[in-house]
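The values are calculated or read from the model by the stated rules, or taken from the named source; none is laboratory data. Please read these numbers as outputs of a predicted model, since none were measured by experiment. Reconstructed Cβ throughout: ideal geometry from the backbone, glycine too, with neighbour counts over all protein chains shown.
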Amino acid sequence: MGSLTQYQKSLIIGTILGDGYLRIISGRKDAFLETNHSFSQKEYADWKFEKLKSICVSGPKIRRCNKGRIAYRFYTKQYPELTRLYKIFYKDGFKVVPDNLKLDPIVLSVWFMDDGSKCGNTNFYLNTQQFNKCHQLKLLACLKKLGLKANLNRDKNYYRIRFFSSSIGKLKELLKGNLIPSMYYKIGL
């Protein structure tokens, strides 16, 4: 197996920040990535698989979950580069935001397709409730380096990232060329 391309690395980092996760099975050496989406996001999961198929075991499959939910997921092979990412993005089994995280438009776009949402015309969010406040502040600093202004917005007992209305144009500009058509609704297209 060759190395991951820069595009694949960015896609994987966006997925880790979003709905995907890395795992190492006990007794095994290397990590693998699992992506798990609702079946209604089949086109998106298929797109991710196409971009990562060179490191995947097999294509996406349907999985029936609790309460009648139907998931659509796939796994990559165990891979040394994924193990390196695991060591950066996980501490004591929990996802963290590494100090040296660098966002690029691909990372941001995949992360937004996973966890982004829009409410009305001016409220754009990244649902980052899985991260503690300290790690969310790191994410805000990373977004700022891309020229995006945002803050933490309380969502019940947790926080999520809310973009300032002055940054919506820049956000759309960074995302537009990288979103797949079934995700255009997330930015109002």
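Summary table below
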{"quantity": "Cβ-Cβ under 9 Å pairs, at least 6 apart or on other chains, the range 166-189 side aromatic (Phe, Trp, Tyr), far side not in a helix (DSSP H, G or I)", "calculated": "Tyr185/Lys118"}
{"quantity": "Of all residues in the range 156-166 being surrounded by 14 or more Cβ atoms within 10 Å (Cβ to Cβ) and of a type in the set (D, E, K, R), the one that is farthest from the chain's Cα centre (by Cα)", "calculated": "Arg162"}
{"quantity": "Residue within the range 74-95 that is within 14 Å of the chain's Cα centre (by Cα), crowded, with 17+ Cβ neighbours inside 10 Å and β-branched (Val, Ile, Thr) present", "calculated": "no"}
{"quantity": "Failed item in (1) at pLDDT 90 or above; (2) surrounded by fewer than 16 Cβ atoms within 10 Å (Cβ to Cβ); (3) within 22 Å of Leu11 (Cα to Cα), with Gly169 passing the rest", "calculated": "(3)"}
{"quantity": "Subset of the range 1-27 that is in contact with a Lys or Arg (Cβ under 8 Å, 6 or more places away or on another chain) and not in a loop (DSSP other than H, G, I, E, B) - its residue that is nearest to Phe131 (Cα to Cα)", "calculated": "Ile16"}
{"quantity": "Residues of the range 1-25 that turn out to be of a type in the set (Phe, Trp, Tyr) and in contact with a helix residue (DSSP H, G or I) (Cβ under 8 Å, 6 or more places away or on another chain), as a count", "calculated": "1"}
{"quantity": "Asn121 without any contact (Cβ under 8 Å) to a residue 60 or more places away in the chain, loosely packed, with under 13 Cβ neighbours inside 10 Å and over 15 Å from the mean Cα position of the chain (by Cα)", "calculated": "no"}
{"quantity": "Search result, residues across the range 60-70 that are at pLDDT 90 or above and surrounded by fewer than 17 Cβ atoms within 10 Å (Cβ to Cβ)", "calculated": "Lys61, Ile62"}
{"quantity": "Test result for Lys144, free of Cβ contacts under 8 Å to residues at least 24 places away in the same chain and surrounded by fewer than 19 Cβ atoms within 10 Å (Cβ to Cβ)", "calculated": "yes"}
